[in-house]
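One structure is given below, encoded as structure tokens.
The values are calculated or read from the model by the stated rules, or taken from the named source; none is laboratory data. Bear in mind that the values here come from a model prediction, so they are computed numbers and not experimental data. With ideal geometry, Cβ positions are generated from the backbone for all residues, glycine too; neighbour counts draw on all protein chains shown.
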């Protein structure tokens, strides 16, 4: 399993547009991708799951990736966070 932490930089937090883009990116990979915040975890491949985290600017999220392509998936998702969130 690969894991990284990220502090949300977007002034709106994880709102509808970037959440939708994140789900689209996550669905390209076969590994399971989970996002956690304050003890709550959401599946990055499901929009409502991501939105339910209600991650705001300045809050830290933990992204966990597990599966056959976890190495590349973790790098890709981390780059996505840096570009979009």
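Applying the condition of being in contact with a helix residue (DSSP H, G or I) (Cβ under 6 Å, 6 or more places away or on another chain) and at pLDDT below 95 to the stretch 48-67 and asking which residue is surrounded by the most Cβ atoms within 10 Å (Cβ to Cβ) yields 50. The set of residues in the stretch 63-82 being touching a strand residue (DSSP E or B) at 6+ places or on another chain (Cβ under 9 Å) and farther than 7 Å from residue 31 by Cβ consists of 63, 64, 71, 74, 75, 77, 78, 81, 82. Go through the residues of the stretch 47-67 one by one and say whether even a single one is touching a residue at least 12 places away in the same chain (Cβ under 8 Å), outside any helix (DSSP H, G or I), more than 11 Å from the chain's Cα centre (by Cα) and closer than 18 Å to residue 1 by Cβ. Checked against the condition, which is being touching a residue at least 12 places away in the same chain (Cβ under 8 Å), outside any helix (DSSP H, G or I), more than 11 Å from the chain's Cα centre (by Cα) and closer than 18 Å to residue 1 by Cβ, the stretch 47-67 yields at least one hit.
Assess whether residue 17 counts as being on the phi < 0 side of the Ramachandran plot and part of a strand (DSSP E or B). Answer is no for this residue. Checking each residue in the stretch 68-81 for being assigned to a helix (DSSP H, G or I), loosely packed, with under 13 Cβ neighbours inside 10 Å and either in contact (Cβ under 8 Å) with a residue 12 or more places away in the chain or within 10 Å of the chain's Cα centre (by Cα) (or both) picks out only 71. From the set of residues in the stretch 20-42 that are in a strand (DSSP E or B) and touching a strand residue (DSSP E or B) at 6+ places or on another chain (Cβ under 6 Å), which is surrounded by the most Cβ atoms within 10 Å (Cβ to Cβ)? The residue in question is 33. Once the stretch 1-14 is narrowed to residues that are part of a loop (DSSP other than H, G, I, E, B) and in contact with a strand residue (DSSP E or B) (Cβ under 9 Å, 6 or more places away or on another chain), the residue that is surrounded by the fewest Cβ atoms within 10 Å (Cβ to Cβ) is 1.
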